Amino acid sequence: MARLLQTAAEGGSQDRSNARPFQAKPRADRTSDPEVTSSRSQVLFYLLQVVANVVPVEAIKRECPLKNVSLGLQGGGAHGAFVWGVIDRLLEDGRLEIEAISATSAGAMNAVALASGLVRGGPDAAREGLHDFWREVSRMDLMFDLFSRWNQWLQALRLPPEYHPFHATIHFLTHMLPPKLLNPFNINPLRDLLLKVVDFDQLNISPLAPQLFLNATNVRTGKIKLFEAADLIARHLDAPVAAE
């Protein structure tokens, strides 16, 4: 051990004045494309001006080209409300252009509300449409307020939601009765809300709408059914949501 330490000390004390400096290996020039070079130079120019407090950040968003993205929106009830918040932030930022959306279930609701708003008036109208949709969905949940005191006891006792009387009733009926017998008048408040928020006729023909790919599963065959914007109607949204 002593010999190793002595060798290391001697090596560290050697004169390195003649040592060759480190040189990075040459690599291919990534900025050979004039268009790429110009775009990078423009972004760097505006960033330097922001640092110098010459140009506000909003000016950069207006000058820099939008980046095209495609979105995949998941389902899952409350996940849809969370995704709404993410979409709202993306629209507020303004640096992305949504060209395609693949979605299912609650994500399909977000997709059509978003696309309809973009057709109607751009990102601001899309944010407004999503806000109106989820506000009305929350109002549909007012019936649960009748059992709010019971729900507080369930949470205090750490019991699962199956003990909630309303949840237990719905769970029992949906497992014992066929849909047409359970809802003979075909009452569907969610479909009525979609017709109120989304203009399907305009959505299907407008070139401003992003491409829509809404997915549902055929319960008899197990295969995926894909609905696209060319022939999309409110009834098609029932299929993905019914699997919730």
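Within the range 169-190, the set of residues being over 19 Å from Leu130 (Cβ atoms) and under 24 Å from the mean Cα position of the chain (by Cα) is empty.
Of all residues in the range 87-98, those satisfying the criterion of being assigned to a helix (DSSP H, G or I) and open to solvent by 70 Å² or more (accessible area, probe 1.4 Å) are Arg89, Glu92.
Out of the residues in the range 110-126 meeting the condition of being touching a Gly at 6+ places or on another chain (Cβ under 7 Å) and open to solvent by less than 10 Å² (accessible area, probe 1.4 Å), tell me which one is nearest to Leu73 (Cα to Cα). Going through the qualifying residues, I end up with Asn110.
Filter the range 166-182 down to the residues that are surrounded by 11 or more Cβ atoms within 10 Å (Cβ to Cβ) and assigned to a loop (DSSP other than H, G, I, E, B) and list them by number.
The answer is Leu177, and nothing else.
Taking the criterion of being small (Gly, Ala, Ser), under 9 Å from the mean Cα position of the chain (by Cα) and open to solvent by 50 Å² or more (accessible area, probe 1.4 Å), the only residue of the range 59-86 that qualifies is Gly72. If the condition is being open to solvent by less than 90 Å² (accessible area, probe 1.4 Å) and outside any loop (DSSP other than H, G, I, E, B), then the range 183-207 contributes Pro189, Leu190, Arg191, Leu193, Leu194, Val197, Phe200, Gln202, Leu203, Asn204. Take Asp231 and decide whether it is open to solvent by 70 Å² or more (accessible area, probe 1.4 Å), over 22 Å from Pro178 (Cα atoms) and at pLDDT below 80. In short, yes.
In the range 101-123, the residues that are assigned to a loop (DSSP other than H, G, I, E, B) form Cβ pairs under 6 Å with partners that are open to solvent by 10 Å² or more (accessible area, probe 1.4 Å), at six or more places apart or across chains, as follows: Thr104/Gly75; Thr104/Asn215; Ser105/Gly75; Ser105/Val241; Ser105/Glu244. Does any residue in the range 191-220 that is closer than 16 Å to Gly129 by Cβ and of a type in the set (Asp, Glu) come within less than 8 Å, Cβ to Cβ, of a residue that is open to solvent by 90 Å² or more (accessible area, probe 1.4 Å) and not in a loop (DSSP other than H, G, I, E, B) six or more places away or on a different chain, and which pairs are these? That search, which allows pairs on different chains as well, returns Asp199/Arg120. Restricting attention to the range 81-108, the residues that are within 17 Å of Trp134 (Cα to Cα) and touching a Gly at 6+ places or on another chain (Cβ under 6 Å) add up to 4.
The values are calculated or read from the model by the stated rules, or taken from the named source; none is laboratory data. As the structure is a computational prediction, the values presented were derived from the model and not from experiment. Counting neighbours? That spans all protein chains shown, and the Cβs are built from the backbone with ideal geometry, glycine included. To get the accessible areas, we keep the full protein, side chains included, count just its heavy atoms, and leave off ligands, DNA and RNA. Shrake-Rupley method; radii C 1.70, N 1.55, O 1.52, S 1.80 Å.
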